[in-house]
1. Which ordering of CYS88, CYS106 is given by a fewest-first count of other beta-carbon atoms within 10 Å?
2. Going down the list LYS76/LYS117; LYS20/LYS119; LYS13/LYS115; LYS11/LYS65, which pairs span over 26 Å between their C-alpha atoms?
3. Would you mind checking which residues have amide H under 5 Å from ILE84's amide H? H placed 1.01 Å from N; only 5 or more apart, or other chain.
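Only the coordinates and a few stated rules stand behind these numbers; no lab work does. Keep in mind the model is a prediction, meaning the values are calculated, not measured. Please note: Cβ atoms are built from the backbone with ideal geometry, for glycine as well, and neighbour counts cover all protein chains shown.
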Amino acid sequence: MLTQEEMLYFKKKLSARKEKIEHNLDHTSSELDEMRGLELNDEGDYASSSTDTAIDNAIMEQQIKELSEIEIALSKISNGTYGICEMCGEPIGLPRLEVKNFALYCILCRPIVEKNKLKG
């Protein structure tokens, strides 16, 4: 189990990351709105704009997913279940939480969950 000090440490890290993602999403959304308003003069401009928009959308999707995972982790901190694997109920472990603060599964269960997601 994590100590209160460790929980507070991860809460600060998760909250800071959440704030950064929210800022990025706001900024990217504003940029996309601006790009939609541009008049594109030729096919090259259009192709470049389309590629940029596709990349920005992919980044936004990934950040929205991460934001959701961070919010789950923060709620787990609030209810005292943070750092516990959702599959086996064992502690996730500090090294894994350091790398992925919003991890839901321990290092042993993660590949099983990912393999099942690929099947389904």
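1. By the 10 Å Cβ count, ascending: CYS88, CYS106.
2. Going by Cα-Cα distance, LYS20/LYS119; LYS13/LYS115 fall outside the 26 Å limit.
3. ILE92
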